[in-house]
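Here is the structure we will look at, set down as structure tokens.
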Amino acid sequence: MKPLTLILSAFLLVVATLDQANAQVEDFDSIRLYTLKNESGMTVKVTNYGAIITSLTAPDRNGHFADVVLGYNRVEDYINAVDKPYFGAIVGRYGNRIAAGEFTLDGETYTLLKNNGPNHLHGGAIGFDKVVWDADFDPSNQSIALSYLAKDKEEGYPGNLQLTVTYTLTNDNELIVDYHATTDKATPVNVTQHSYFNLKGEGEGKILDHELMINAKKFTPVDEGLIPTGELANVAGTPFDFTSAKPIGRDIGQEDQQLTYGGGFDHNWVLNKGDDDDALTLAARVYEPTTGRVMEIHTTEPGIQFYCGNFLDGRLIGKSGKAYVHRGGFCLETQHYPDSPNQETFPSTILRPGQEHQTQTIFKFSAK
């Protein structure tokens with residue numbers, strides 16, 4: 001993919017922030033689209049713009065494949081989309097929210113862009129979802145390694161952060177996502193994959209009948225700005241109890257202050273990790289009853305953000321020409337907890353020189 005019109009369409013959006021983001025207009029001519037395909041016929045399409053998964057096909061109970069992630073056919077549409085939904089992208093340097101757009105680290109206070117009301121969200125004006133990554137495509141192993149150097153003070157963050165995200169598609173219908181980062185100065189790092197899923201097929205209506213299990217007995221309640229209060233609250237007896245699978249829509253209409261704050265589910269769950277906090281653990285399982293499609297997520301991360309498309313409103317038209325309606329997709333973003341740089345009791349997200357940031361998340365697809 002070499003969209004010549006992209007330079008013109010992106011120029012006005014990018015040029016005003018070039019100094020802040022260290023982006024280069026000429027980088028946009030190097031955007032490509034890569035396809036991973038396994039022996040069963042499952043495919044994953046990835047672009048090096050934003051490390052975005054643009055398409056992911058999965059079989060139903062009859063062996064029929066459908067694209068189950070929301071997105072677009074043209075990179076221009078990712079750049080120009082209203083409301084910036086982060087379809088399929090890698091988000092960072094810090095995925096999720098940082099309160100008041102600032103944090104203090106080693107005695108120095110860092111100020112970030114407030115791009116989500118009074119708070120900072122998903123890395124700022126030009127986060128990892130809006131830059132061009134270097135790509136190392138390995139078709140023999142059905143993998144692609146995407147690398148990006150986030151420079152010191154880029155979007156306000158300290159340190160030159162070298163990040164590589166590798167997507168690998170296995171013959172067991174697993175998409176493995178490996179994250180690796182190093183830095184030359186202490187910095188918070190919380191990078192996640194932000195695909196929206198609809199296991200009926202993208203654009204095929206709402207996801208409220210999908211049956212979801214989240215392997216978590218606690219979640220992190222938030223204030224009206226969706227910043228965690230610091231509490232780890234029990235899900236038992238609340239709409240946030242997904243310890244046993246239930247339809248996403250079953251309790252979403254309950255009178256509950258947390259649901260009001262999020263406009264539905266838009267919260268971080270504290271995963272049941274057992275004795276090894278760094279172990280690969282089952283985080284969530286989703287079943288779509290009409291097609292039989294199942295998606296399981298395993299991760300080394302301590303938390304998962306479940307967001308059920310509360311801000312989709314039908315204005316965005318996807319790949320198949322269908323509108324993405326309210327709650328027409330859901331995200332399950334493996335992560336550290338939101339606002340961790342300002343919450344001493346949360347697991348640390350600080351990466352220091354000489355250390356390596358390494359996490360893994362696996363999305364496994366099947367049908368029943």
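Rule-based calculations on the coordinates, nothing more; no lab input. None of these values were measured; they are calculated from a predicted model. Note that we place each Cβ from the backbone using ideal geometry, even for glycine, and neighbour counts take in every protein chain shown.
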key: Positive-end extreme of charge dipole, the chain - chosen from Ala284, Tyr110, Gly92 (charges on Cβ)   = Ala284
task = Could you tell me which of the pairs Lys45/Lys364; Lys37/Lys273; Lys45/Lys200; Lys217/Lys364; Lys151/Lys218 are separated by over 27 angstrom between their Cα atoms in the structure shown?
result = Lys37/Lys273; Lys151/Lys218
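Taking neighbour counts of Cβ atoms within 10 Å as a proxy for exposure, in what order, fewest first, do Cys308, Cys331 appear?
Least crowded to most crowded, the residues run Cys331, Cys308.
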remark   = Taking the alpha-carbon centre of each part, the distance from segment 96-111 to segment 256-278 in Å is 22
Dipole moment magnitude, nearest 20 debye, segment 58-142 about Cα centre, only Lys, Arg, Asp, Glu C-beta charged = 320
note = Among Ile252, Leu208, Leu169, the residue whose Cα sits farthest towards the positive end of the charge dipole of the chain (+1 at Cβ of Lys and Arg, -1 at Cβ of Asp and Glu, taken about the Cα centre) is Leu208
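Arrange Tyr110, Tyr86 by Cβ neighbour counts within 10 Å, fewest through most, would you?
Ascending Cβ contact count within 10 Å gives the list Tyr110, Tyr86.
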query = Relative contact order, percent, of segment 202-243 when contacts are C-alpha pairs under 8 Å separated by at least 6 residues?
reply = 39
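Hey, fewest Cβ within 10 Å first, where do Asp29, Asp60 land in order?
Asp29, Asp60
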note = Note to self, the chain gives a 222 nm [θ] from helices alone (DSSP H runs n ≥ 4, -39500 (n - 2.57) apiece, / all residues, nearest 500) of -1500 deg cm²/dmol
task = Quick one: compute the contact order of segment 6-367, relative version, from alpha carbon pairs under 8 angstrom and 6+ residues apart, as a percent.
result = 18
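Evaluate the charge dipole of the chain about its Cα centre and quote only its size in Debye, nearest 20, assuming +1 on the Cβ of each Lys and Arg and -1 on the Cβ of each Asp and Glu.
About 980 debye.
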